[in-house]
Amino acid sequence: VSHLEKSLELDPDDKQTWIRVIKWHKQAPGNSTPYYKWVDKGVKKFPNDGAILTLAMDAAFEKKTFVKASRLGMRVLELDPINKGVRHKLVNAHISHAWKQYSQRKTNLAIKEMAKAHALEQGETGEYWGRVHEGFLALRMENTEEGLVLLKEAQKIAEPGIVFPLRIVLEGERRKVPDKHLKPFRDQLSRYNREKPIQNQVIEIVNLIDYY
């Protein structure tokens, strides 16, 4: 990688070489300091470049600096609103952070984080995971009506078939949602079990079962 770094001294505006250097250091074993150093240098050099900012966001998530990662991700979305990869990462990060806050009894902060996850999915066809977790959190807090409304809204957005109720049951159990609220989705699974699954959902079903 030294020859790439040397080339940047001669041509510091070569963005693709910056990316190659950063990715090389990310994969290099041992000390991660050079990786984070090159990421920071890259952001200073290209403060408005989506590719560099995405690498910086990933680095911030790896360092568990959530606020910085979220800020960088939102900047990427300002530059590229249809970047679904970054949007997806941010939604999952806000969900994870919200549950962490809830486990620490920081309920108000957890609610705010879930609302951010939900807001990131507004207008995204087929995106509902933030809404689902916002509903789960409401059910855990015994805000039953709000929670069930959110789950119903999510199901309207989701593709028809077995995948949605399966995700709800598996993730609901993981998040310790009261079983009475998961029962309607178990009933849906029972009905779908008597039918042949939609072909394009078979792989997703297998991946869900493997994940949980």
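Annotation: extensible slack from GLU62 through ASN200 equals 46.4 nm (criterion: 0.36 nm per residue apart, minus Cα-Cα distance). Tell me the net charge near ILE198. Cut-off is 10 Å between Cβ atoms, ILE198 excluded, with +1 for each Lys or Arg and -1 for each Asp or Glu. That sum, taken over residues with Cβ under 10 Å, equals -2.
The residues of the stretch 87-212 expose, per residue, 58 Å² of accessible area to a 1.4 Å probe. Placing unit charges on each Cβ (+1 for Lys and Arg, -1 for Asp and Glu) gives the stretch 24-109 a dipole about its Cα centre, and among ASN83, SER70, ASN48 the Cα reaching farthest toward its positive end belongs to SER70. Just the protein heavy atoms count here, and of the accessible area of the stretch 78-204 at 1.4 Å, carbon and sulfur take up 51 percent.
Within the full protein context, the accessible area of TYR212 is estimated at about 90 Å² for a probe radius of 1.4 Å. In the chain, helices alone account for a calculated mean residue ellipticity at 222 nm of -23500 deg cm²/dmol, with every DSSP H run of four or more residues adding -39,500 (n - 2.57).
Label sites at SER190 and ALA28, each approximated as a point 7 angstrom past Cα along Cα to Cβ, lie 5.9 nm apart. A Cβ-based charge dipole, computed about the Cα centre of the chain with Lys and Arg at +1 and Asp and Glu at -1, lands at about 620 debye.
In percent, rounded to a whole number, the relative contact order of the stretch 1-129 is 13, using alpha-carbon pairs under 8 Å and six or more apart. Using a simple spin-label model with pseudo-atoms 7 Å out from Cα toward Cβ, ASP80 and GLU153 lie 2.9 nm apart. Taking every C-alpha pair closer than 8 Å and separated by at least 6 residues, the mean separation divided by the residue count of the stretch 77-172 gives a relative contact order of 20 percent.
Each peptide among 159-170, 15-26 gets the average number of other Cβ atoms lying within 10 Å of its residues, and from highest to lowest they stand as 159-170, 15-26.
Each residue, LYS176 and ASN207, gets one label point 7 Å from its Cα in the Cβ direction; the gap between the two is 2.9 nm. For THR144, put the label point 7 Å out on the Cα→Cβ axis and report which residues of the stretch 176-201 keep their amide N under 11 Å from it. Hits in the stretch 176-201 for THR144 at 11 Å: 180-181. Given the choices (1) -0.95, -1.42; (2) -0.83, -1.06; (3) -0.84, -1.22, log10 I(q)/I(0) by the Debye sum over Cα atoms at q = 0.13, 0.16 Å⁻¹ derived from the coordinates of this structure is entry (2). Looking at this model, which pairs from LYS26/LYS176; LYS26/LYS100; LYS63/LYS100 are more than 25 angstrom apart at the alpha-carbon? Over 25 Å Cα-Cα: LYS26/LYS176; LYS26/LYS100.
The values are calculated or read from the model by the stated rules, or taken from the named source; none is laboratory data. Computed from a predicted structure; not experimentally measured. Because the Cβ atoms are built from the backbone with ideal geometry, glycine has one as well, and the counts that use them run over all protein chains shown. With ligands, DNA and RNA removed, areas are computed over all heavy atoms of the protein, side chains included. Shrake-Rupley method; radii C 1.70, N 1.55, O 1.52, S 1.80 Å.
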